[in-house]
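Enquirer: Starting off with a structure, shown below.
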Amino acid sequence: AADGKSMLFEKFIIKGGTPLRGEVRISGAKNAAVAIIPAAILAEDKCILENVPSISDVDVALEILSSMGAQIRRLSKSKIEVDTSRIKDGTVPYELARSTRGSSYFLGALLGRFKKASVPLPGGCDLGSRPIDQHIKCFEALGAKADIKHGIVDLSADRLIGTQIYFDKVTVGGTINALLACAKAEGLTIIENAAKEPHIVDLANFLNSMGADIMGAGTDVIKVKGVSQLHGTEYSVIPDQIEAGTFMVAAAATCGDITLKNVIPKHLEPITAKLRKIGVYVEIEDDTDNVRVVGRPHYEGTDIKTSPHPGFPTDMQPQMTTLLAMSNGTSMVTESIFDTRFKYVDELRRMGADITVDSRVAVVRGVDHLTGAPVKASDLRAGAALIIAGLAAQGTTEIEDIHHIERGYENMEIKLRALGADIVKRYYPWICSMEKAAFRIHDDVNQKYDHVLPYGFHLKMTVSYVSRYGYLVAE
Ligand code: EPZ
């Protein structure tokens, strides 16, 4: 089914200039969901997960689980039952592992349950070198033997014994894998220099609700007392702070006025602080915790340096740089997490931005406005930045390679349209076989599609079949 997606060539077409107005409901957090889904393996039982975002990275995580023999039932669009009691095998298929970063979490989860795991090296957004040496170091510290051959990581252990793990650098993925591998280890594990992101806390809360004994998540020292058994649970994933931040910046960039629902304002603080600094009005409503964002016609540039939580998140860097590109004065943006997270800058330049990049620093000279252009999304957040640019720009922007965006944003264009944006998704099906075009849509069987395509073509079809993992096949 994942292959089916590439059979349809999709673009976002955005006519810029409309201020976003209204309310938007933020979905569950991608980076929490992709850790919690493999964590369910440790339950050997049924888990009900709520507030799960409908995005392709989640579909891939569910597909991996299912390929190992887990039973997955979609109870509603955002509620899923995962039964991992019958998983026998600890092998993750190559094609699935290659498409996401989260596939590396199957290492920790399978090792924790079966004392062995075989998982291809993970893929995910191309942001430069993304080693997993810290993950491996932590598995070895717990007593596992690790062997990387032909692109596959093989782990095996007779016993997993609690220990002290000190990360050489703060790593979200490494901290998640440490929690997964030691929740059922023998004795106490102390994880030092741990990542503190909200999704680390969410994973720890999920594991604790299954019977684990984890203290200190959200600080840089996490203590885990291993337990011999975990059990099923019902758990709701936290809201996605990066999706929320993306909508906040989009409202600011279009001089809009929007209210975000289903958010945790505390998680948004690093983003809120920067937005307020440049002149965006952000209000947290006391009784509801809804967040209102009101844009202004002009902002003052500022400097930004990404760092681990509670610093400014690297996953918001491209979106914020886009806003700074339209703000007064010169801003300096320093990316301190990933080597190559400025690839979108070339695309922003096509739209009139004045930005120069030297290694990990971008110098952004604000321009009065951007102009629409054909551009390509090189990764997930780069795509989000181009959407923001397109919404604010004069004229029409066409964004290619939007499958990157759909890995992490649920129904982005539908949510934006509800806020008044002029954005549509166009399908270009003639480059593929029309007979069995499989792609991710969430509507029902018999849903009729009627899309006007460029050059006078018309796509008319009826969804006829729902495949196992929520994919629909249209004929
Ligand atoms: C997670 O990636 C997120 N992905 C990323 O989100 C996010 O950008 C990143 O954390 C930082 O917040 C998921 O949660 C699935 P890291 P991860 O390990 O775990 C180096 C998005 O857009 N490092 O915290 O891969 C690494 O190279 C995505 O949603 C090692 O050197 O990030 C980087 O420089 C993109 N050795 C730094 O640490 C290791 O063993 C931080 O990476 C592990 C990491």
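The values are calculated or read from the model by the stated rules, or taken from the named source; none is laboratory data. All figures in this text were calculated on a predicted structure; none of them were measured in a lab. For neighbour counting, all protein chains shown are included, and Cβ atoms are generated from backbone atoms with ideal geometry for every residue, glycine included. The protein model used for the area step is the full one, side chains on, heavy atoms only, and it has no ligands, DNA or RNA in it. Shrake-Rupley method; radii C 1.70, N 1.55, O 1.52, S 1.80 Å.
Enquirer: Taking the chain as the region of interest, what is the percent of Cα-Cα pairs per 20 angstrom bin, listed from the shortest bin to the one with the maximum distance?
Expert: 25, 56, 20, 0
Enquirer: Related question: Once you place label points 7 Å from the Cα toward the Cβ at ARG21 and SER336, how far apart are they in nm?
Expert: Label-label distance for ARG21 and SER336, simple model: 4.1 nm.
Enquirer: Still on this model: Need one number for the stretch 277-362: average projected area of the convex hull over its C-alpha atoms, nm².
Expert: 6.3 nm²
Enquirer: Using the structure shown, list the pairs from LYS184/LYS223; LYS149/LYS225; LYS149/LYS343; LYS11/LYS277 with a Cα-Cα distance above 24 Å, or answer none.
Expert: Listed pairs above 24 Å: LYS149/LYS225; LYS149/LYS343; LYS11/LYS277.
Enquirer: While we're here: Suppose the chain between GLU140 and GLU81 were pulled fully straight at 0.36 nm per residue; how much longer would it get relative to their current alpha carbon spacing?
Expert: Here the answer is 18.0 nm.
Enquirer: If you don't mind, another one. If you count only protein heavy atoms with a 1.4 Å probe, what accessible area per residue comes out for the chain, rounded to a whole Å²?
Expert: Normalised by residue count, the accessible surface of the chain is 40 Å².
Enquirer: Could you tell me the calculated FRET efficiency between LYS149 and LYS305, based on Cβ-Cβ distance and R0 = 35 angstrom, to the nearest 0.05?
Expert: Calculated transfer efficiency: 0.35.
Enquirer: Give, as a single signed number, the net charge of other residues whose beta carbon lies under 10 Å from the beta carbon of ALA384, with Lys and Arg counted +1 and Asp and Glu -1.
Expert: Cβ neighbours under 10 Å give a net charge of -2.
Enquirer: Between ASN290 and GLU192, with labels modelled 7 Å along Cα→Cβ, what's the label distance in nm to one decimal, could you check?
Expert: My value for the distance between the label points is 4.7 nm.
Enquirer: How many percent of all Cα-Cα pairs in the stretch 349-390 sit more than 11 Å apart?
Expert: That tail contains 68 percent of the Cα-Cα pairs.
Enquirer: Here is a further query. Taking 0.36 nm per residue of sequence separation and subtracting the Cα-Cα distance, how much length would be gained by fully extending the chain between TYR166 and SER236, in nm to one decimal?
Expert: Here the answer is 22.2 nm.
Enquirer: Moving on. Pop a pseudo-label 7 angstrom from the Cα along the beta-carbon direction at both GLU283 and LYS225 and give the gap in nm to one decimal.
Expert: Simple spin-label model gives 4.7 nm for this pair.
Enquirer: Of all the accessible heavy-atom surface of the stretch 288-354, with the other protein chains kept in place and a 1.4 Å probe, what percent is carbon and sulfur?
Expert: 48 percent
Enquirer: Compute the long axis of helix 198-209 from its Cα atoms, compare it with the longest principal axis of the Cα atoms of the chain, and write down the angle in degrees, 0 to 90, nearest 10.
Expert: 40 degrees
Enquirer: Sticking with this structure for a sec: Counting only residues 5 or more places away or on other chains, whose amide H sits under 5 Å from the amide H of GLY256 once H atoms are built in the peptide plane?
Expert: LEU20, GLY295
Enquirer: Can you give me the Cα centroid spacing of the stretch 204-220 and the stretch 387-426 in angstrom?
Expert: Cα centroid of the stretch 204-220 versus Cα centroid of the stretch 387-426: 37 Å apart.
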